Amino acid sequence: MVFEYAPNGNLQEKLHEREKEVLSWKTRTSIAFQLAQAIEYLHEKCTLQIVHGDIKPSNVLLDQYFNCKLCDFGSAKMGFSSTVVPPSCSRTKQVMVGSPGYTDPHYLRTGLASKKNDVYGLGVIILELVTGMKAFCPEKGHLLTSIVAPNLRGISEHGAEEKVAQLVDPRLAGEFDLEDARCLLSIAALCLHQCLTVRPSASQIIEMIKEKINFHRLPVHTSQRLPLAAN
């Protein structure tokens with residue numbers, strides 16, 4: 001495989017390796033937006049629509065300006081009607097590989113791949129960007145979605161400001177926008193909803209971010225190129 005050179009490595013390293021410089025709030029917000037753009041392109045703008053199948057931070061490369069590039073299409077399924085037949089129903093085990101903490105529970109139950117699987121993975125990454133916590137702790141077997149999900153109820157309601165602030169990565173030392181955080185957490189809650197019809201499409205996520213996030217605070221070097229890596 002051939003990848004573009006990404007001098008800032010991948011999002012997993014930058015977000016979770018403690019010796020690394022802490023990602024700023026505006027960089028995290030920009031990454032969430034660009035990743036949604038990448039997924040929108042795969043889901044809605046390709047001639048044959050694509051389900052990526054493995055949306056996770058280690059598959060998000062970062063260039064010199066922290067613009068993101070979604071990579072690794074080894075688990076992708078092409079075509080809107082692409083489904084994965086549960087192994088119990090077929091001798092040919094067409095299993096879409098996922099990663100612990102990012103795989104949609106609906107997919108695990110049914111074996112059916114859809115765009116909403118990618119939306120679920122995006123929701124987990126948005127939670128990571130806001131909270132700074134890992135999606136899965138192998139030592140304790142804890143899932144970020146299980147820990148944080150109960151706190152997402154009513155996050156968009158008036159009076160939830162304290163709850164929002166408590167969920168934001170403490171390493172930011174208060175350097176974040178409360179309404180931006182509320183917006184991203186609200187989007188994450190929708191992306192992680194157990195009912196697939198409640199989960200928004202990538203284009204709807206982009207519109208929600210555009211409507212709620214103050215883009216004048218985002219990095220000035222945001223690339224105009226498609227946020228996908230050639231591989």
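The values are calculated or read from the model by the stated rules, or taken from the named source; none is laboratory data. Note that the coordinates shown come from a computational prediction; the quantities given were computed from them, not determined experimentally. Cβ atoms come from the backbone with ideal geometry, glycine included; neighbour counts cover every protein chain shown.
Checked against (1) in a loop (DSSP other than H, G, I, E, B); (2) closer than 20 Å to Y65 by Cβ; (3) modelled with pLDDT under 95, G154 meets all criteria but (2). Scanning for something free of Cβ contacts under 8 Å to residues at least 60 places away in the same chain and at negative phi, does segment 53-60 turn up at least one residue? There is at least one residue in segment 53-60 that is free of Cβ contacts under 8 Å to residues at least 60 places away in the same chain and at negative phi. When you go through (1) in a loop (DSSP other than H, G, I, E, B); (2) out of contact with any His (no Cβ under 6 Å at 6 or more places or on another chain) one by one for K134, which number turns out not to apply? The number of the failed condition is (2). Being more than 12 Å from the chain's Cα centre (by Cα) and under 12 Å from Y102 (Cα atoms) is the filter; apply it to segment 117-136 and report the residue that is surrounded by the fewest Cβ atoms within 10 Å (Cβ to Cβ). The extreme case among them is K134. Taken together, the residues in segment 14-25 that are part of a helix (DSSP H, G or I) and surrounded by fewer than 20 Cβ atoms within 10 Å (Cβ to Cβ) amount to 1. For A135, indicate whether it is free of Cβ contacts under 8 Å to residues at least 24 places away in the same chain and touching a Gly at 6+ places or on another chain (Cβ under 9 Å). Here the answer is no, as A135 does not meet what is asked. Which one is farthest from A38 (Cα to Cα), of the residues in segment 100-132 that are among the hydrophobic types (A, V, I, L, M, F, W, C) and modelled with pLDDT of 95 or more? Once the filter is applied, the top-ranked residue is V130.
Can you pull out every residue in segment 148-170 that is under 11 Å from A181 (Cβ atoms) and among the charged types (D, E, K, R)? Answer for segment 148-170, where residues must be under 11 Å from A181 (Cβ atoms) and among the charged types (D, E, K, R): E161, K163, D169. Regarding V164, is this residue over 17 Å from the mean Cα position of the chain (by Cα), over 18 Å from V22 (Cβ atoms), assigned to a helix (DSSP H, G or I) and modelled with pLDDT of 90 or more? So V164 passes the test.
Remark: pairs (first residue in segment 63-87, aliphatic (A, V, I, L, M) and modelled with pLDDT under 80; second residue in a loop (DSSP other than H, G, I, E, B) and surrounded by fewer than 16 Cβ atoms within 10 Å (Cβ to Cβ); Cβ separation under 8 Å; 6+ apart in sequence or on different chains) = M78/L48; V84/Q94; V84/V95; V85/T92; V85/Q94. Output the residues belonging to segment 186-201 that are in contact (Cβ under 8 Å) with a residue 40 or more places away in the chain, surrounded by 15 or more Cβ atoms within 10 Å (Cβ to Cβ) and in a loop (DSSP other than H, G, I, E, B). Of everything in segment 186-201, those that are in contact (Cβ under 8 Å) with a residue 40 or more places away in the chain, surrounded by 15 or more Cβ atoms within 10 Å (Cβ to Cβ) and in a loop (DSSP other than H, G, I, E, B) turn out to be L192, L196, R199, P200, S201.
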